[in-house]
Structure formats: structure tokens, C-alpha cells
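Student: Below: one structure in C-alpha cells.
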Amino acid sequence: MTKLSLKSAVAALALMAVAPAVMAADLVVGLRAGPDSIDPHWSTLGSQAEALRHVFDTLVDVDEKLQLKPGLAVSWAAVDDTTWEFKMREGVTFHDGTPFTAEDVKFSIERIPEVTGPMPMTLYTKYVDSVEVVDDYTLRVKTKGMAPSLPNDFTRLFVVPSETGMEAGNEEFNSGEKAIGTGPYTFVSWQPKGDLVLKRNDDYWGGETAWENVTRREIPEDTSRVAALRSGEVDLINYVPASDYLAMKNDGEIDTFVSDSVYILNIAPSVKDEEPQPIKVNGEEVDGNPLQDLRVRKALDLAINRDVLVNVVLEGLGTPANQLMPEGFFGYSPELGKREYDIEQAKELLAEAGYPEGFEIDFTCTNNRVPGDAVVCEALAQMWSRLGLKVNAQALNGTVFFPAAAREEYTMTMSAWGTLTGEAAYTYGALTHTKDAEKGFGNFNRSGYSNPEFDKVFGEGSQTLDPEGRKKLYEQASFIAMEDRALIPTVILQTVWAANADTIDMTPRVDQETRTYAITPVK
């Protein structure tokens, strides 16, 4: 929809204000990344989730600040140490008219381990031992030990009909055959790397949404996305690049919407006995893996000037990070101070570790995952060059980066991670716990980091129902992992959306999601 047509729609709505009639307007959004599949159990990526939640609802939902709120479940409670009971919303139907029941939730939970996507969703079902349908609107989930964070994990449990069948895969979802949810929009069509076209579900249990038709257009190039907004090709864009932010903020024809986010750009140094890509000195592969030495990881950390990353590279759209979650999150350690920049101490540590002249290392990042990922990647390579390192930085599209990262083909990476459930178990259980397929921990631990002390403290936390006791244990676990430099956090990102002036109202979200059903035309 063009800017003119959107404004016409807004004007029409103003004339209709005396009678709360059905609004009929279209919205075209330019997004940096879209879904990689229409199967909601295919990938954990945020761009995937935000797109598909227009079609599929989750069992539990979160508000703009990631506080839990009812989704398809209206309530939940622990009935004993290893059982959660969820009460379902009644009167909900799928887009094909089939009534929604607890059987659909059971099927969705059990389907997740059967889907072999590039980013496994088992992260969200790792505590599930078994599922019992009590009646059409009551579900009990037995867990492997205590699982106090299960409702948080189920904020990413997308529900599909039990009639979907375990055999359904990408082909059936991408064609639309199985793209049937209970969400605010119905699936119309999808072109990979192109448009996801949606039509309003007028029977949505959550109430009517403003836009009759929504097109989510993937435009990965920042300059192209900005140009699309300015030309009227789209009505709203996400991930305004830092280099354009001030100009757009001061442009009377543009409205900008800014929010803190939960996403942090983290460096992951591989500490395996043999690094996936060789590290070299004077062109010769070194014996052993230098990244196993804590002094080397501390040197990399000390050589990062986070203030420069925030104020210069990101034009102020960020905050220095000292751990894997923003301050205030459940499990954030207050004992960890600000990460200091000290290039001389970094050089001393590198020399003590046996690399006084540095080394050559490959460093791989995303260039379309979140705002600023590619420029931060390049800036880090330059900062480490002051340490004497030759850094072969390579920023790749997520469709290339993530599958290769999942195969653990990189020696050192940087990518964004957001604590989307709002608490530490999600992040530390996935990223820094020793890989444990049986318990479901370490799903995204690609560096090989393993510390029994961390695992013990974290494990005690995950089995502690008392919130205060659990919080202290998670804080301790956070401290251990960060002192180890298991991962090296750099900056917490802010997110900017932009629209033509006086056309839309929206509340920015910390998870960076662009939920078009929560956006309204300006009154």
C-alpha cells in the first residue's frame, strides 16, 4: 500500500469515528529478515517467530516488556513438583473452522522434537517428560524434575492442529496446505526472501485487528529498506540503520519509534581441543587451541572498547553489555562490574599466554540478523588488530551463517541472542551449559565450553521452585560463566522502526518483534 493510500484510509477512518465500523486498510511492512519456513516449529530465530505468530498463537504470550500473559492458555499452575496444569481458552477455532482443544497443544509439544530445522525448538520443550490431556480444555505436563520456567518456555510454543500429522513438512506448510493456526491473520501466500501475504481473521478470539490485509516484505539491504519507506513502497520499516537514524528522527515527514531490546551481540570463541578453522602464527598453524587459554579470552575482552561500539559504531543506539542478559532480568548478576577497556593489559595477557605478536584468526558474523551486526563485526576486527591479531572478519547472511554455525564450523563467531523468556535459564541453559542431549541443555553451545561448577550451580537453580533461591543460584551461574569468558558480550542493541509521519501508532517491543496486529492507524 502506498503512503497516499494509507493516508486515505486514515482519513476515511477519521470520518467513520462516530461509528465503530470494521476498519478496512492495508499495511505493507519492510522487514530486514523474514521467515525461512512457514512451519512454526522449524527455527528459533526471532524473525521466524514474529512472522509466524500472525498465523499461529502460542500457548503463553508476553507483553511488550516480556511479562507473561495469557495466550491460548488462560491460566497455569504447578500442581506438584513435576506437574504443570494449563487451562485452555474455550471457543477458539483454527482458520479452517476446527475447534481448538488441549489435544492440539499435546500434538504441538510432541511434534517439536520430530522437526529437524536449522535451529532446534527443543530448547522450549527440554523439560517435558510427558503430556496428558485431562479434558478438552485442561492439559497436564509432567516434567523431568522441577521445571519452574516451563510457562516461560511455552511463550514460544506455537500451536498447530493435531490433524496436521507428524509427516507434514516444509512443503506442506510453505504451500499453505498446513499453514492453519488460530492467529489474528490467515496465510495467503509466501515467497521465500520475498512477501508474506496475510489476510485478517475476522473470527480471531483476541478481537479485531486494524489491517484487513498485511504484506510483510523482506528487504535485507538497509539502504533499500529506507528507500522503500521514503518512496512510499512500504508504510513501515524495522531495523533502521544507525547511520540513518538521526536524519530520519529530524525529518518532519518521518516518525521513528525507538526501544531498548533484549538482544546482545555475543562473541563465541571455540575452546575445543582442535579449533574448526586453524589459528596461525606467521602462516603456520599453532599447536593446540589458543582460545582454550583464559588469558587469551580475557585479552580479547579487554581489547574491546564498548563505549566506541555504542557511541561511534552504533550512533548511540545501544548500551555496553557485561553479561548475557540486560540488567534487571531474572538471574542477572549484580556482582559483575562494567567490562573495562585496557589494551596494554590485554597485550600483557596475550604475551603471558605465549602470543606476544598475536596470531591470525577467522571471525565470522551475521550481516542481516539484527541492526549493526556487520558494522560491529568489522569494528571488533579493527580493535583486535591493535592487540596484534590478524582477524579475517567475514559477515554472512543468516541463511549461510546459522546452518554452518550449527555444524560448528567456525572458530570464533559473533551473533545476537535475546533472553526472550525474560529469565536466565533460557539463556544459560542453551548457551553455556555443557551439551547434554538427554537433559536438553547446551542446545546452542557451539564453542565446546564446559565447566562442572557452572553446571552444578545452574542445575540446582533449575530444580529450585523458590524464586529467590533460584534467582541467587542463576546469578551465581551467570558470574561463573562470565568470569570464564565462556562467551564475551559486547553491546545491548536498541531497535528503531520508522513510518511516514502521522500514519500509525505502535508500542515498540523489547523483543524487536513487529506485530502488525498490535499496530493501529493514527487517530
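The values are calculated or read from the model by the stated rules, or taken from the named source; none is laboratory data. Source: prediction; values computed, not measured. For neighbour counting, all protein chains shown are included, and Cβ atoms are generated from backbone atoms with ideal geometry for every residue, glycine included. Note: accessible area is taken over every heavy atom of the protein model, side chains too, but ligands, DNA and RNA are not part of it. Shrake-Rupley method; radii C 1.70, N 1.55, O 1.52, S 1.80 Å.
Student: In nm, give the distance between the simple-model label positions of residue 285 and residue 272, each being 7 Å from the Cα along the Cα-to-Cβ direction.
Tutor: 1.3 nm
Student: Quick check on the chain: helices-only [θ] at 222 nm, where DSSP H runs of length 4 and up contribute -39,500 (n - 2.57) each and the sum goes over total residues. Nearest 500, please.
Tutor: -7500 deg cm²/dmol
Student: How big is the gap, in Å, between the Cα center of segment 450-494 and the Cα center of segment 367-397?
Tutor: Taking the Cα centre of segment 367-397 as reference, the centre of segment 450-494 is 27 Å away.
Student: For segment 70-134 and segment 329-347, write down the distance between their C-alpha centroids in whole Å.
Tutor: 39 Å
Student: Another question, if that's okay. Along Cα→Cβ, 7 Å out, is where each label goes; now give me the distance between the ones at residue 357 and residue 392 in nm to one decimal.
Tutor: Label at residue 357, label at residue 392, 1.9 nm between them.
Student: Okay, next question. How large is the convex hull of the C-alpha atoms of the chain per residue, in Å³?
Tutor: Values: hull volume 73.7 nm³, N = 523.
About 141 Å³ per residue, rounded to a whole number.
Student: How big is the Kirkwood radius of segment 370-523, worked out from every pair of different alpha carbons and given in Å to one decimal? Show your work: numbers first, answer last.
Tutor: Values: mean 1/r = 0.0546 Å⁻¹.
The answer is 18.3 Å.
Student: Return the FRET efficiency for the residue pair residue 249, residue 167: r is the Cβ-Cβ distance, R0 is 60 Å, and the value is rounded to the nearest 0.05.
Tutor: 0.75
Student: If you don't mind, another one. Given a Förster radius of 35 Å and the C-beta distance between residue 83 and residue 450 as r, what FRET efficiency does 1/(1 + (r/R0)^6) yield to the nearest 0.05? Display every interim value, and only then the final one.
Tutor: Numbers: r = 31 Å, r/R0 = 0.89.
Once the sixth-power term is evaluated, E becomes 0.65.
Student: Also, quick follow-up: Between residue 93 and residue 260, what is the FRET efficiency for a Förster distance of 45 Å, r being their Cβ-Cβ separation, to the nearest 0.05? The partial results should precede the final answer.
Tutor: Values: r = 37 Å, r/R0 = 0.82.
Efficiency, rounded to the nearest 0.05: 0.75.
Student: Continuing with the same structure: For the Cα atoms of the chain, what angle does the longest principal axis make with the long axis of helix 467-483, in degrees from 0 to 90, nearest 10?
Tutor: 50 degrees
Student: Multiplying the sequence separation of residue 338 and residue 507 by 0.36 nm and subtracting their Cα-Cα distance, what value in nm do you get?
Tutor: Details: separation 169, 0.36 × 169 = 60.84 nm, distance 3.02 nm.
Contour length minus Cα-Cα distance gives 57.8 nm.
Student: Give the Rg/Rh ratio for segment 140-190, taking Rg as the radius of gyration of the Cα atoms and Rh as the Kirkwood radius, to two decimals. Don't jump to the answer; show the numbers that get you there.
Tutor: Numbers: Rg = 14.5 Å, Rh = 13.3 Å.
Rg divided by Rh gives 1.09.
Student: Going Cα to Cα from residue 338, which lysines come in below 19 Å? Please leave out same-chain ones fewer than 8 positions away.
Tutor: 298
Student: What percent of all Cα-Cα pairs in segment 65-192 falls into each 10 Å bin, going from 0 up to the bin containing the maximum distance?
Tutor: All Cα pairs, binned at 10 Å, distribute as 12, 42, 35, 10, 1 percent.
Student: Here's a follow-up. Report in % the part of the accessible area of the chain that belongs to carbon and sulfur, leaving out ligands and nucleic acids; probe 1.4 Å.
Tutor: Exposed carbon and sulfur together represent 48 percent of the surface.
Student: Extent of segment 47-112 along each principal axis, from alpha carbon coordinates, in Å, largest to smallest?
Tutor: Between the extreme Cα coordinates on each principal axis of segment 47-112 lie 35, 31, 24 Å.
Student: Beyond 26 Å between alpha-carbons counts as too far, so tell me which of 347/390; 69/456; 435/472; 65/471; 69/435; 106/178 fall in that bin. Numbers along the way, then the final one.
Tutor: On the way: 347/390 14 Å; 69/456 31 Å; 435/472 23 Å; 65/471 19 Å; 69/435 31 Å; 106/178 17 Å.
Among 347/390; 69/456; 435/472; 65/471; 69/435; 106/178, the Cα-Cα distance tops 26 Å for 69/456; 69/435.
Student: Can you list residues from other chains, or at least 5 along the same chain, whose modelled amide H is less than 5 Å from the amide H of residue 88?
Tutor: The list, which skips near neighbours in sequence, is 74, 138, 139.
Student: Additional query: Taking the convex hull of the Cα atoms, report for segment 323-363 its projected area averaged over all directions, in nm². Please list the in-between numbers first.
Tutor: Values: hull surface 18.5 nm².
For segment 323-363, the mean projected area of the Cα convex hull comes to 4.6 nm².
Student: Between residue 140 and residue 191, what is 0.36 nm times their sequence separation minus the Cα-Cα distance? Round to one decimal in nm. The partial results should precede the final answer.
Tutor: On the way: separation 51, 0.36 × 51 = 18.36 nm, distance 3.81 nm.
Stretched out fully, the residue 140 to residue 191 stretch lengthens by 14.5 nm.
Student: Residue 520's amide H: which non-local residues (gap 5+, or another chain) put their own amide H closer than 5 Å, with H modeled 1.01 Å from N in plane and none for Pro or chain starts?
Tutor: Hits under the 5 Å cutoff: 505.
Student: Go through segment 439-454 residue by residue and turn each phi into a ³J(HN,Hα) via Karplus (6.51, -1.76, 1.60, θ = phi - 60°); whole Hz please, and just put x for glycine and proline.
Tutor: After applying 6.51 cos²θ - 1.76 cosθ + 1.60, I find 8, x, 9, x, 4, 10, 7, 9, 8, x, 4, 7, 9, x, 5, 4 Hz.
Student: Once you put a point 7 Å from the Cα of residue 223 and another 7 Å from the Cα of residue 434, both along the Cβ direction, what distance in nm separates them?
Tutor: Spacing of the two 7 Å Cα→Cβ label points: 5.0 nm.
Student: ³J(HN,Hα) across segment 167-174 via Karplus (A = 6.51, B = -1.76, C = 1.60, θ = phi - 60°), whole Hz, x for Gly/Pro?
Tutor: With coefficients 6.51, -1.76 and 1.60, one gets 7, 5, x, 4, 4, 6, 6, 5 Hz.
Student: Take every DSSP beta bridge with both residues inside the chain and express the antiparallel ones as a percent of the total, to the nearest 5.
Tutor: On the way: 61 of 79 bridges.
That works out to approximately 75 percent antiparallel.
Student: How large is log10 I(q)/I(0) at q = 0.17, 0.20, 0.25, 0.26 Å⁻¹ when the Debye formula is applied to the Cα atoms of segment 187-246, each weighted equally and without solvent?
Tutor: One equal scatterer on each Cα of segment 187-246 leads to -0.69, -0.84, -1.04, -1.07.
Student: Expressed in nm², what is the orientationally averaged projection area of the convex hull enclosing the Cα positions of segment 415-496? Let's see the in-between values first.
Tutor: Details: hull surface 23.7 nm².
Over all viewing directions, segment 415-496 projects a mean Cα-hull area of 5.9 nm².
Student: Now for a different question. Using the Karplus equation 6.51 cos²θ - 1.76 cosθ + 1.60 (θ = phi - 60°), what ³J(HN,Hα) coupling, rounded to whole Hz, does each residue of segment 344-353 give in order, writing x for Gly and Pro?
Tutor: Using θ = phi - 60°, the values come out as 5, 5, 4, 5, 5, 5, 5, 5, 4, 7 Hz.
Student: Something else now. Please give the per residue accessible area of the chain, computed with a probe of 1.4 Å over protein heavy atoms only, in Å². Could the numbers behind the result be given before it?
Tutor: Values: 20280 Å² over 523 residues.
About 39 Å² of surface per residue is accessible.
Student: Taking the Kirkwood radius as the inverse of the mean 1/r across Cα pairs, report the Rg/Rh of segment 256-332. Write down the numbers at each step before the final one.
Tutor: Details: Rg = 16.6 Å, Rh = 15.3 Å.
Rg/Rh: 1.08.
Student: Next question, about the same structure. Need the C-alpha centroid separation for segment 44-64 versus segment 208-229, integer Å.
Tutor: The distance from the Cα centre of segment 44-64 to that of segment 208-229 comes to 18 Å.
Student: Assuming a viscosity of 1.567 mPa s and a temperature of 4 °C, what translational diffusion coefficient in µm² per second does Stokes-Einstein assign to segment 294-335, Rh being the Kirkwood radius over Cα pairs?
Tutor: Working: Rh = 11.9 Å.
Answer from the Stokes-Einstein relation: 109 µm²/s.
Student: Hey, another quick one. Can you tell me the equivalent ellipsoid semi-axes for segment 354-460? Use √(5λ) from the Cα gyration tensor, largest first, whole Å.
Tutor: Numbers: eigenvalues 148, 66, 33 Å².
Taking √(5λ) for each Cα gyration eigenvalue gives 27, 18, 13 Å.
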